[in-house]
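The structure under discussion appears below in the form of structure tokens.
The values are calculated or read from the model by the stated rules, or taken from the named source; none is laboratory data. Remember, predicted model here, so these are calculated numbers, not experimental data. Positions of Cβ are backbone-derived with ideal geometry, glycine not excepted, and every protein chain shown enters the neighbour counts.
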């Protein structure tokens, strides 16, 4: 499988949060699967930390980078071609970070790993077990 983690999924994975189902965590950790974290999620973590809505044990960029490498998760850059999907999305979800993750998943034919039911309402392949 080719998996794109949403921001919450990534944070739950690296903190061993019980909200991440074991089967989903196993799929993320499986060497048979390709796993990405979008630069959009890194941006979201930085902003939430700066606003005081997300506590981290060290500077957010370094923490995310170390955790991404520790869990063998690749970085997915935001390419201009992914933005073409944005105007096609129905106005179900107002979160701009999630909307761009949806666009990237569509553009790169990735399964978006998310528990967010609003995201699951979009025309995007999702994964959550």
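Here 101, 112 are screened, and the one residue that is touching a residue at least 40 places away in the same chain (Cβ under 8 Å), in a helix (DSSP H, G or I) and within 20 Å of residue 2 (Cα to Cα) is 101. Of all residues in region 86-109, those satisfying the criterion of being modelled with pLDDT of 95 or more and out of contact with any helix residue (DSSP H, G or I) (no Cβ under 7 Å at 6 or more places or on another chain) are 105, 108, 109.
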